[in-house]
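See structure below.
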Protein chains: 4
Amino acid sequence: MMIRVAVLGATGYAGRESIRILLSHPQAQLTHLCALPEECGHVADIFPMFRSRLDLFVEPFDTEKARDLADVVLCCLPHKVSMVFVPPLLAAGLRVIDFSADYRFKLPDDYEQWYETPHKDPANLDQAVYGLPELSREQIRDARLVANPGCYPTGPVLGIAPLLREGLVDPSDIIVDATSGVSGAGRQPKPQHHFPERNESFEAYRIGTHPHLIEIQRCLESLVRGVRTEVLFVPHVAPMDRGILSTIYLRPKQHVSVEHLTAVYAEAYSDEPFIRLREDLPATRDVIFTNFCDITARVVKSRIVVLTAIDNMVKGASGQAIQNMNLMFGIDEKTGLL
Amino acid sequence: MMIRVAVLGATGYAGRESIRILLSHPQAQLTHLCALPEECGHVADIFPMFRSRLDLFVEPFDTEKARDLADVVLCCLPHKVSMVFVPPLLAAGLRVIDFSADYRFKLPDDYEQWYETPHKDPANLDQAVYGLPELSREQIRDARLVANPGCYPTGPVLGIAPLLREGLVDPSDIIVDATSGVSGAGRQPKPQHHFPERNESFEAYRIGTHPHLIEIQRCLESLVRGVRTEVLFVPHVAPMDRGILSTIYLRPKQHVSVEHLTAVYAEAYSDEPFIRLREDLPATRDVIFTNFCDITARVVKSRIVVLTAIDNMVKGASGQAIQNMNLMFGIDEKTGLL
Amino acid sequence: MMIRVAVLGATGYAGRESIRILLSHPQAQLTHLCALPEECGHVADIFPMFRSRLDLFVEPFDTEKARDLADVVLCCLPHKVSMVFVPPLLAAGLRVIDFSADYRFKLPDDYEQWYETPHKDPANLDQAVYGLPELSREQIRDARLVANPGCYPTGPVLGIAPLLREGLVDPSDIIVDATSGVSGAGRQPKPQHHFPERNESFEAYRIGTHPHLIEIQRCLESLVRGVRTEVLFVPHVAPMDRGILSTIYLRPKQHVSVEHLTAVYAEAYSDEPFIRLREDLPATRDVIFTNFCDITARVVKSRIVVLTAIDNMVKGASGQAIQNMNLMFGIDEKTGLL
Amino acid sequence: MMIRVAVLGATGYAGRESIRILLSHPQAQLTHLCALPEECGHVADIFPMFRSRLDLFVEPFDTEKARDLADVVLCCLPHKVSMVFVPPLLAAGLRVIDFSADYRFKLPDDYEQWYETPHKDPANLDQAVYGLPELSREQIRDARLVANPGCYPTGPVLGIAPLLREGLVDPSDIIVDATSGVSGAGRQPKPQHHFPERNESFEAYRIGTHPHLIEIQRCLESLVRGVRTEVLFVPHVAPMDRGILSTIYLRPKQHVSVEHLTAVYAEAYSDEPFIRLREDLPATRDVIFTNFCDITARVVKSRIVVLTAIDNMVKGASGQAIQNMNLMFGIDEKTGLL
């Protein structure tokens, strides 16, 4: 079986990375690439790295063409734009993996508060499945609409979930301090990411206002219903292309050893193909260009410190989407990703 | 007046940076550079950046020569080595600014526990003054031996001190999450700092075991005697040369507004030449190659988040040492640093 | 004496660097900063690195105000814009150091061909002095209008001139292969200099069409009149902030030894404060944040290879301008630069 | 068919990169990894990026074990060491792809002059095939010993060969100016590649003495026998991990247009899967992590300027080796590489 894949929003970094991975996916075929009319053209002119590898034009979007050419759409559009394009895709019978935040929340209120805009497609929120396979594998298999997680939430949620479910940590005192490479900011040039500004600089941004805060919090709350969860999330940006390291500060409910934590993780993740439990500390260099999430925990003074590392473009975006796609089409989850 | 300055340990990064700053200091003159015999040679052969700027040889150390040629010694030796070289310097009547950790603790026990070695010069611990001018300006003026602070403690201590003194924050729940450029690891090549390993990677290290943890904690305890203080310190390294950003998580004792925090900082630091209070978030790019410490605070959920940025080589090492030197010799504290 | 300095075009990188250097210049005072109306504001809001160091507003340009407040204008405007602003400055009696290409050519034809626009101020070309102090120190002293050299030409011209004047090399077979840091492309964000595009990439650009080609050629021709000179210039960009290394391929007219070349350079430059002749190979790390030009030569097979290194923002722009300013106002050429 | 592959010298960068590529090669299986005894251990402890991907120990070398476990050996040993290990491998009936320079020259004299050591295995030089598939595909198919090309020669030889064979350029006036990422210097930490030294610096090295000069020259001479060829080669290093851009200066024998050059390249390379002819200028970002060589030519003044870009670790080392391996074992040359 060949899965026919359309990429909507093909000219951004998430689109580019999806194309890159799919080019060596043995059971998927890129059939249709779309973008805004002014960004269209041959994919090799837009991304010279694909020259001689992919002979497709990026075209303006056309639902009928998508329906004819594709089984699934990777919707790599920005927040607030996806919810306009997704309903007709679903109506046309296509399966959709959406990279934006538009379908990640069950409650439109969360979305509207943190993204500061009314939700235009609340009807489809119900059927949307949050696409973190390690937590929701079965629902993803049957989903017609998958909301691919944000780049920052993936690592922390995977790192915190086992401890929270075991009742080991206080859900009301969680600090997620994370650092990302610059590709996370998208392909559009911005003054703060101009090379001479970004290179040789390190800084925090959107402290307490980045909407991945509420995304992490809602994910964790869904794991232990009825318990008040509080997450403080502070993102930083480092002068590198890819990778997210999250340093997570948790308060244990009672004394706990690192051996116990290790056992909890091992039980939770022993069968997971893309989670690697490490004894030494993770570094982004070991996960970039892979779909792995590396996890380590330490007990220090009165805290548990959990560290997670992913590639923001792979496990934090396109790799995870393709892992979801593999599940949705019943093929080996690892296909094209190892 | 010209202050005659010797640099002991002139071939490392702290030595190099001290030389760099002193070359444009109008009231100081480099008269004597020392290092291990196998590292000696003309300073311009060791550091080509100084060619045609400084015609001195780095020589093996000789107390008598130091006494004849210098008024003050910047002792840029490693931890555990300084305490062997400092006693004869003091005995020779020289004033000493020591960059190592050897004289930063009042109690030899702290040193011995965290640096895992017996202290060889406990007799001089008493007279040593911790060289953070914003906290101990008057004692520094009269000091014969200044213990220059570690690179990591400087920013967090300056960022936390005013809030702690005002009783605004819980001293037993302090998290310091900090990120440094690679020069902080010294000039000696190491596998993890080999360019292709360090570039494009971000990671934490020495979680809970880095001795700057206890240095920060002891500094803060000295400000509010009799109160139990607990600091959790997690250092990270980013692919850049210079700079430290510290993201500090504090728990307010009662509700507090960012305006109130701002007022507290303004009162504490309004006359400080090297502290800049910022409304926007600090970035290391704005402080590198300067002696400034930029500070911003935010109130988020149940936390205060304080951010501080310094250049680890300047305010975190050589710049601060020269600020201390200026104070010790009664000249304008800013000389050579602005 | 304090030289009162205005900076026109203060919001770009050349403006920022001029401010940075002048802040520690003991005989110059920044009195007036100007930019386009939409870019105006407090200098510390535009460049947070200057917070607490300079309390000036960047204002829209006003000739009368400039005349009242300044003795000299550093005109950091783009090519094609300078020639509109410079004539009224000169008419107001101000001395001008212009960073653009607008006054670098004696013949309007060169300018018009390479910059593809008519020259709007040919009348002032005659009095403009090309501001390379090592070649034209005396004319610079008396100049009212100095055309500050381009960033790329400075190193190659200094590296080639002594050999060409001695008749050692064939003027018709000169290749200049140069690599610059990204600050040379200016402060305006551009897709190709967006961090994730520029980092981890190296490339050539504007091969044979970069107008610094003709600037180098005309400079060299002025040294040996009546001889046909041909320069092939290929610029590259590397993922770093600052610095230009030029690798220059020359053909000796007859057999020559590296010792002879060294002697020629030594004679040409022995009194030059900002030229350093090196035996080992120059690297940009040794010159960044300085006004030095490091030069080395090698004889290989049938070629002479000359290497020069400068900081494109200092000796390649603002440092050289301030060196010129010092000469124009009769103070020590090195003031503020060492 | 599964090709069983041993990697000798598995702990260096060439070994690591070979492992990385082979992990997703559908017709090859890593069966045996070897290194010096003191560097042995589980591959995931040596390279954490391979954790959970490859469960092999790096072991001390043993010819019998290699013979039992492998069909081919990728010999990633340093120059001068390979020629000690290769003879027994060949004697054991194994096919060998050697990454060192030890078998790249037909004449021991060249090797001995440029590598300054006697050749210890001249007997096998005759059968060694220089492994550049675009030039010697048929001989590679039958080879028992392939000498994998150096990282620098690959691009320039591919860029120059078609023009030289057509007699378009003067073989006695060839300048190759090339810039490499730092991984080319190997995994062993060195002072000049310590992050704070290498970052933010650009420099040339080994001007006229780098042995890739003679390797390029001998390759080109083998294409047009009986003609004197002279290559001047100057390598540079840029602050990035991967990639080589070569800027090649050629002198046309008579007037030539860029269209003509394009046609010559198209004819030479139209069927080549890993050569991409580009109209715009190549950049290393477009080829890193791929086995492509991008080529562009320009005609400027009296010169042809050819630009080539490769990933030094892929087409410049491990990718090319695996392309050679595929040919040697009769499978599709592109397997595992696209």
Hey, got the average number of other protein chain Cβ atoms within 10 angstrom for residues in A:331-338?
1
Highest-first arrangement of B:113-120, C:296-303, where packing means the average Cβ count within 10 Å:
C:296-303, B:113-120
Could you check the simple spin-label distance between D:Val224 and B:His42, using points 7 Å along Cα→Cβ, in nm with one decimal?
4.6
For segment A:175-325, report the translational diffusion coefficient in µm²/s to the nearest whole number, using Stokes-Einstein at 4 °C, 1.567 mPa s, and a Kirkwood Rh over Cα pairs.
77
Where does each of B:Ser270, B:Ser201 land when they are ordered by accessible area, with a 1.4 Å probe and the largest first?
B:Ser270, B:Ser201
Going through the cross-link list A:Lys315/D:Lys65; A:Lys253/B:Lys120; C:Lys120/C:Lys334; B:Lys190/D:Lys120; A:Lys301/B:Lys120; D:Lys253/D:Lys334, which pairs have a Cα-Cα distance over 31 Å in this structure?
A:Lys315/D:Lys65; A:Lys253/B:Lys120; C:Lys120/C:Lys334; B:Lys190/D:Lys120; D:Lys253/D:Lys334
Peptides C:231-242, B:206-217 ordered by average Cβ neighbours within 10 Å, highest first:
C:231-242, B:206-217
Quick one: with label points 7 Å out along Cα→Cβ, list the inter-copy distances for A:Leu338 in nm, shortest first?
2.6, 6.2, 6.5
With every protein chain kept in place and a 1.4 Å probe, segment B:1-117 has an accessible area per residue in Å² of 40
Accessible area that becomes buried as A packs against B, both chains, 1.4 Å probe, Å², nearest 100
3400
Take every Cα-Cα distance within segment B:262-316, group them into 5 Å bins from 0 onward, and report for each bin the whole-number percent of pairs it holds.
4, 21, 27, 24, 15, 7, 2, 0
The correct ranking of A:His32, D:His260 by accessible area at 1.4 Å, largest first, is D:His260, A:His32
Counting only DSSP beta bridges with both residues in chain B, tell me the antiparallel percent, nearest 5.
45
At C:Glu116, with labels set 7 Å past Cα in the Cβ direction, how many nm apart are the copies from this one, shortest first?
4.0, 5.0, 6.4
Given segment A:62-200, report the % of alpha carbon pairs whose separation exceeds 20 Å.
58
Can you list the HN-Hα couplings for segment A:295-310, worked out from phi with the Karplus curve (6.51, -1.76, 1.60; θ = phi - 60°), rounded to whole Hz and with x for Gly and Pro?
10, 9, 10, 9, 10, 9, 6, 9, 10, 9, 10, 10, 10, 10, 10, 9
Using a 1.4 Å probe over the heavy atoms of the protein chains, calculate the carbon and sulfur portion of the accessible area of segment C:201-243 as a whole percent.
48
Antiparallel %, DSSP beta bridges [both residues in the protein assembly as shown], to 5:
45
Bridge type composition, segment A:1-117 - antiparallel percent by DSSP, nearest 5:
10
Helix-only [θ] at 222 nm, chain B, -39500 (n - 2.57) per DSSP H run of 4+, per residue, nearest 500, equals -8500 deg cm²/dmol
For peptide D:271-277, compute the average count of partner chain beta-carbon atoms within 10 Å of each residue's beta-carbon.
2
Beta carbons within 10 angstrom, averaged per residue: use that to sort the peptides C:175-181, A:141-147, B:248-254, highest first.
C:175-181, A:141-147, B:248-254
For chain B, the percent of all C-alpha pairs falling in each 20 Å bin, from 0 up to the bin holding the max distance, is 32, 59, 9
Output row for D:Thr262: copy-to-copy label distances, label 7 Å along Cα→C-beta, ascending, in nanometres, one decimal, is 4.9, 5.9, 6.2
Compute log10 of I(q)/I(0) for the protein assembly as shown with the Debye formula, placing one identical point scatterer on every Cα and leaving out solvent, at q = 0.05, 0.06, 0.09 Å⁻¹, to two decimals.
-0.38, -0.57, -1.35
Rounded to a whole number, the mean other protein chain Cβ count within 10 angstrom for residues of B:201-213 is 6
Given a 10 angstrom Cα cut-off, can you work out which residue in B:Asp294, B:Asp280, B:Asp102 is the most mobile in a GNM of chain B?
B:Asp280
When only alpha-carbon atoms are used, what values of Rg and Dmax, in angstrom, describe segment B:103-159?
12.0, 33
Given the rotation that superposes chain D on chain B, what residue of D brings its beta carbon nearest the axis, and what is the distance in Å?
D:Pro189, 2
Residue by residue, what Karplus-based ³J(HN,Hα) values in Hz, rounded to whole numbers, does segment C:157-164 have, using 6.51, -1.76 and 1.60 with θ = phi - 60° and x for Gly and Pro?
5, 5, x, 8, 3, x, 6, 6
So who's got an amide H within less than 5 Å of the one on D:Leu232, skipping anything under 5 residues away but keeping other chains? H placed 1.01 Å off N, in plane.
D:Ile174, D:Ile175, D:Val176
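The values are calculated or read from the model by the stated rules, or taken from the named source; none is laboratory data. Since the model is a prediction, treat every value here as computed from it, not as a measurement. A quick note on method: Cβ atoms are made from the backbone with ideal geometry, for glycine too, and the neighbour counts reach across all protein chains shown. With ligands, DNA and RNA removed, areas are computed over all heavy atoms of the protein, side chains included. Shrake-Rupley method; radii C 1.70, N 1.55, O 1.52, S 1.80 Å.
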